[in-house]
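The values are calculated or read from the model by the stated rules, or taken from the named source; none is laboratory data. Since the structure is predicted, the reported quantities are computational estimates derived from the model, not experimental observations. As a convention, Cβ positions derive from the backbone with ideal geometry for all residues, glycine included, and neighbour counts pool all protein chains shown.
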Amino acid sequence: MKLNSMKFGMMVLVTSLMAGTISCNRKGCTDPLANNYSEKAKKDDGNCTYDPTATGNVVKTGFITANETWTSGEIYELDGKVIVNSGVTLTIEAGTIIKGAEGTGTLASALVVAQGGKINSCGTATQPIIFTSVLDNIAVGELTGTNLTETDQGLWGGILIMGYAPISAADGDVLSQIEGIPASDLYGAFGGSDAADNSGTMCYVSIRHGGALIGSGNEINGLTLGGVGSGTSISNIEVVSNLDDGIEFFGGTVNVSNILVGFQGDDGIDVDMNYSGTIDNFLVINGTNSDEGLEIDGPEGSTYTNGLFTLSNGSVYTFGGTDANGDFKSKAQGNITNVSLGNAKIRASYQNVCVDPKEDSFTHLSDASPTLIFTGSSFTAVSVYTGSDDGAATPSPCTVFPADQSTAEGAMTSTTATGADASGFASWTWSGLNGKL
């Protein structure tokens, strides 16, 4: 086995090829895996030849500093953080399998696209790109392994993409640090002023069994989008069996479509920092240990506070048909159209014995010119809650809860929603292939 390493600051980029390695020490071929290996050669001339059908794990760790392509004939292994640097494009061919090594905390494996970097990973319905755990027995050419189930969570990290699009972070900050990456690691920064920021393309990508623990209450989401802009294209994505959230949006303007999240440990789709793009045709399938199907927040700071998200054509339920909830928290503001879910929870932030004016999701729902608007959507119930007490029936000391409940119900008249079209997920996702749709 050959091992080439280069140091970049404190990080080390290591590429270890179990097969297909080319040694380049100039004179002869010294790689025993090559067809023209010479046991007498003392140096390599770079002309080793290989069996084109040979496959093996390619181990990646550290910074990617030049454009490169990951090919479908190999299985790639993420050993710790793999970071796509600014100005660099990582291309992943259709049908490629990437497996994350085990590890928690700073050793958790993940693929990180830093600001200015790009990922071009487009599979097809017959050749999706699959991110999973090294514990998964899936092999090259297969769409699913046989040894892991929907209860296998947190076996590696996930995918994090950082862009330059606007965010509304606390204290008026326009730049923030993504959760799951320590503040000392500058590649975790996201946010800016470029709404059309382009971080690349993702399509027909399945992300499985991730969400490794970073610290107490801090796990990596299956797919984290921090300040990702509308120049980025994301469609036909599955996140299944992630320990934390399935997909979380931290601000940004990226539009996504055809999204399936299933059997996550926390929330299915989580929106923060005034994300103002569109999520169209989404399906969230809660497992028995999942939290909210949707957790929707608005701006956190004083900048970029006017953007509105759109959630359209979505279905949210627990596997087996039980309703799953949507929590519209804090200052959530946007448009919800043709979405089917269970209890739609609306936050009313009473403070100072109900004297201070509210600016929260209930306010945005009930204003004369509302910025939280439900159209053609259906719910099993609507509930207004206060503080952090989800489901408080009689908030104290406030006495106006019944009026707010009536107002919310009036603004959210339930209709029959067709919800998501799940037919496109059946043939290529882990959920579809394993009878979980």
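Within segment 180-195, the residues that satisfy the criterion of being assigned to a loop (DSSP other than H, G, I, E, B) and of a type outside the set (A, V, I, L, M, F, W, C) are Gly180, Pro182, Ser184, Asp185, Gly191, Gly192, Ser193, Asp194. Can you confirm whether segment 82-100 contains a residue that is closer than 27 Å to Asn289 by Cα and either among the small types (Gly, Ala, Ser) or touching a residue at least 40 places away in the same chain (Cβ under 8 Å) (or both)? Taking every residue of segment 82-100 in turn, at least one turns out to be closer than 27 Å to Asn289 by Cα and either among the small types (Gly, Ala, Ser) or touching a residue at least 40 places away in the same chain (Cβ under 8 Å) (or both). Can you confirm whether Gly73 is at pLDDT 75 or above, in the same structural domain as Ala110 (by TED's automatic domain parsing) and touching a Ser or Thr at 6+ places or on another chain (Cβ under 7 Å)? Yes: the conditions hold for Gly73. Within segment 400-434, being among the acidic types (Asp, Glu) and under 26 Å from the mean Cα position of the chain (by Cα) holds for one residue alone: Asp421. Scanning segment 258-283 for residues that are farther than 18 Å from Phe309 by Cα and either over 10 Å from the mean Cα position of the chain (by Cα) or not in a strand (DSSP E or B) (or both) yields Leu260, Gly262, Phe263, Gln264, Gly265, Asp266.
Looking only at residues in segment 102-118 that are crowded, with 21+ Cβ neighbours inside 10 Å and among the aliphatic types (A, V, I, L, M), which one is farthest from Thr71 (Cα to Cα)? Within segment 102-118, the match that is farthest from Thr71 (Cα to Cα) is Ala108.
Here Ile83 clears all of (1) at pLDDT 95 or above; (2) surrounded by fewer than 24 Cβ atoms within 10 Å (Cβ to Cβ); (3) under 25 Å from Asn218 (Cα atoms) except the condition numbered (2).
Being touching a residue at least 60 places away in the same chain (Cβ under 8 Å) and not hydroxyl-bearing (Ser, Thr, Tyr) narrows it down to one of Ile269, Ile346, Ile279, so name that one. Explain how you work it out, then say what you get.
Numbers: Ile269 fails: touching a residue at least 60 places away in the same chain (Cβ under 8 Å); Ile279 fails: touching a residue at least 60 places away in the same chain (Cβ under 8 Å).
It is Ile346.
Selection of segment 137-147 for residues being more than 18 Å from Gly435 (Cα to Cα) and not small (Gly, Ala, Ser) yields Asn137, Val140.
Among the criteria (1) surrounded by fewer than 24 Cβ atoms within 10 Å (Cβ to Cβ); (2) out of contact with any strand residue (DSSP E or B) (no Cβ under 6 Å at 6 or more places or on another chain), the one Ser315 does not fulfil is (2).
Among the residues of segment 214-235, those identified as more than 16 Å from Ile98 (Cα to Cα) and crowded, with 20+ Cβ neighbours inside 10 Å are Ile214, Glu219, Ile220, Asn221, Thr224, Leu225, Gly226, Gly227, Val228, Gly229, Thr232, Ile234. In segment 196-257, counting only strands (runs of 3 or more DSSP E) that sit wholly within it, the ones holding 1 or more residues that are in the same structural domain as Gly163 (by TED's automatic domain parsing), under 11 Å from the mean Cα position of the chain (by Cα) and at negative phi span 200-208, 223-226, 233-240, 247-250. Within segment 295-312, the set of residues being part of a strand (DSSP E or B), of a type in the set (Val, Ile, Thr) and surrounded by fewer than 22 Cβ atoms within 10 Å (Cβ to Cβ) comprises just one member, Thr310. Restricting attention to segment 193-245, the residues that are under 23 Å from Pro182 (Cα atoms) and charged (D, E, K, R) total 3. Are any residues in segment 169-213 touching a Lys or Arg at 6+ places or on another chain (Cβ under 9 Å), buried (at least 19 other Cβ atoms within 10 Å of the Cβ) and not β-branched (Val, Ile, Thr), and if so, which ones? Within segment 169-213, Tyr187, Ser199, Gly200 qualify. Taken over segment 236-259, the criterion of being under 18 Å from Arg208 (Cβ atoms), of a type in the set (Gly, Ala, Ser) and surrounded by fewer than 24 Cβ atoms within 10 Å (Cβ to Cβ) is satisfied by no residue. Considering segment 366-399, and only residues there that are among the aliphatic types (A, V, I, L, M) and modelled with pLDDT of 80 or more, the residue that is nearest to Asp297 (Cα to Cα) turns out to be Leu372.
Do you know which residues across segment 160-179 are without any contact (Cβ under 8 Å) to a residue 24 or more places away in the chain and part of a loop (DSSP other than H, G, I, E, B)?
Narrowing segment 160-179 to residues without any contact (Cβ under 8 Å) to a residue 24 or more places away in the chain: 175, 177.
Leu175, the sole residue that qualifies.
Quick one: how many residues across segment 95-131 are assigned to a loop (DSSP other than H, G, I, E, B) and either outside the structural domain of Pro182 (by TED's automatic domain parsing) or closer than 11 Å to Leu78 by Cα (or both)?
Going through segment 95-131, the residues assigned to a loop (DSSP other than H, G, I, E, B) turn out to be 95-96, 101-104, 108-109, 114-117, 123-128.
Then keep just the ones that are either outside the structural domain of Pro182 (by TED's automatic domain parsing) or closer than 11 Å to Leu78 by Cα (or both); that gives 101-103, 108-109.
Number of matching residues: 5.
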